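See below for the structure under consideration.
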Amino acid sequence: MMFNYDSYLRLDKFPLIWCSGCGDGIVLKAMIRAIDKLGLQKDDICMVSGIGCSSRLTGYVDFNTLHTTHGRALTFATGIKMAKPRLHVIVVTGDGDATAIGGNHYIHAARRNIDITVILFNNFIYGMTGGQVSPTTPKGKRASTAPFGNFENAFNISGLAQAAGASFVARATVYNAVQLEKIIQRAIEKKGFSLVEVLSPCPTAYGRRNREGTPVDMILQQKERNVNVAAVEKMTPEELEGKIVTGVLTDIERPECREEYQKLIDSLSKEGGPR
Ligand SMILES: Cc1ncc(C[n+]2csc(CCOP(=O)(O)OP(=O)(O)O)c2C)c(N)n1
Ligand code: SF4
């Protein structure tokens, strides 16, 4: 039977702003299926986004949602989690939103290991504003602000979250939507900061300028370049060149921020308050 997405959507907000061929719709659907499989009530979820094509998602889903300011989704999300720890707080964000203007919040949310799930749509570009370079634009690729090719090094944003202390870090592509759905499910279940970096093609602002072909070509390129993390150990750096490593990269136990805060509150209450 076909999955019915309608009960999770604000259909009165349709049509979507996304271009035809944009990867973001595949992520939206995988995310809804993951939430449905987990059996979560809509009111148990608070979804927070910044600004960007990907961040527009919060307008279309029928959860508690906040569409905030560019780069600040994680600050709003942190406040929500601290005040309402029972909520599953899910941040939907772009590579520009999370790792350029919001880069500082990104590393500190991971460092705190606060129980927030981040679904980061990496399309290697600022999509909404016409294709400026972002911190993930690969070296040599063209952007509206790099018409002769980007000369800067790109961030490995999964690696950044791992290094900063996230409990759970995974990478997926829209090509493998089944893997993506399973990873989102695990990320939501995981206590602590969990990142799902999903490569979501932007055929309009990135693909055209870089002659990547049709949206289907861009998705097939993900298939060709895909290597599961389980296979990485047996591969040489040369063999890994240009590949996209997908799967769960980190899944560890670390003290979670809101729980540590609660312990402090409880201990101070027992002692009769701060002295
Ligand atoms: C403070 C502020 N600076 C800049 C902008 C303009 N702006 C809107 S979206 C965006 C970039 C979006 O890129 P990304 O987060 O990667 O999302 P995408 O659109 O690619 O999904 C920028 C720079 C803004 N809205 N607010
Ligand atoms: S500009 Fe790119 S990221 Fe934005 S909706 Fe169009 S294809 Fe998607």
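Is it the case, given these coordinates, that Ile101 is touching a helix residue (DSSP H, G or I) at 6+ places or on another chain (Cβ under 9 Å) and of a type in the set (Val, Ile, Thr)? When the stated conditions are applied, Ile101 does not pass them. If you go through segment 215-236 and pick out every residue that is touching a Leu at 6+ places or on another chain (Cβ under 8 Å) and β-branched (Val, Ile, Thr), you end up with 3.
Of all residues in segment 2-19, those that are over 10 Å from Gly59 (Cβ atoms) and in contact (Cβ under 8 Å) with a residue 24 or more places away in the chain have Cβ atoms under 9 Å from Cβ atoms of residues that are aromatic (Phe, Trp, Tyr) and more than 14 Å from ligand 2 (Cβ to nearest atom), 6 or more apart or on another chain, in Tyr8/Phe63.
Of all the numbered requirements in (1) within 11 Å of ligand 1 (Cβ to nearest atom); (2) of a type in the set (Val, Ile, Thr); (3) not in a loop (DSSP other than H, G, I, E, B), Val118 misses one, and that requirement is (1). With respect to (1) modelled with pLDDT of 95 or more; (2) outside any helix (DSSP H, G or I); (3) open to solvent by 60 Å² or more (accessible area, probe 1.4 Å); (4) more than 13 Å from ligand 1 (Cβ to nearest atom), the lone exception for Met1 is condition (1).
Across segment 168-195, which residue is nearest to Ala73 (Cα to Cα) among those that are of a type in the set (A, V, I, L, M, F, W, C) and in a loop (DSSP other than H, G, I, E, B)? The selected residue is Phe193. Of all the criteria given as (1) open to solvent by less than 10 Å² (accessible area, probe 1.4 Å); (2) more than 10 Å from ligand 1 (Cβ to nearest atom), the one not satisfied by Asp43 is (1).
Filtering segment 115-131 to residues that are buried (at least 24 other Cβ atoms within 10 Å of the Cβ) and farther than 29 Å from Glu260 by Cα leaves Phe121, Asn122, Asn123, Phe124, Ile125, Tyr126, Gly127, Gly131.
May I ask you to list the residues in segment 4-23 that are in contact with a Gly (Cβ under 8 Å, 6 or more places away or on another chain) and not in a loop (DSSP other than H, G, I, E, B)? Of everything in segment 4-23, just one residue is in contact with a Gly (Cβ under 8 Å, 6 or more places away or on another chain) and not in a loop (DSSP other than H, G, I, E, B), namely Lys13. Residues that are open to solvent by 10 Å² or more (accessible area, probe 1.4 Å), closer than 18 Å to Lys190 by Cα and hydroxyl-bearing (Ser, Thr, Tyr): does segment 59-80 have at least one? Within segment 59-80, one or more residues are open to solvent by 10 Å² or more (accessible area, probe 1.4 Å), closer than 18 Å to Lys190 by Cα and hydroxyl-bearing (Ser, Thr, Tyr).
Filtering segment 207-225 to residues that are open to solvent by 60 Å² or more (accessible area, probe 1.4 Å) and outside any helix (DSSP H, G or I) leaves Arg208, Arg209, Arg211, Thr214. Within segment 85-114, the set of residues being away from ligand 1 (no atom under 16 Å from the Cβ), charged (D, E, K, R) and either crowded, with 22+ Cβ neighbours inside 10 Å or not in a loop (DSSP other than H, G, I, E, B) (or both) comprises Arg111, Arg112. Give the residue that is surrounded by the fewest Cβ atoms within 10 Å (Cβ to Cβ), with candidates limited to residues of segment 157-205 that are away from ligand 1 (no atom under 16 Å from the Cβ) and of a type in the set (S, T, N, Q). Top of the filtered list is Gln162.
The values are calculated or read from the model by the stated rules, or taken from the named source; none is laboratory data. In this text the structure is predicted, and so the values were computed from the model without any measurement. Neighbour counts are summed over all protein chains in view; Cβ atoms, including those assigned to glycine, are modelled from backbone coordinates with ideal geometry. Only protein heavy atoms, including side chains, enter the accessible area calculation; ligands, DNA and RNA are left aside. Shrake-Rupley method; radii C 1.70, N 1.55, O 1.52, S 1.80 Å.
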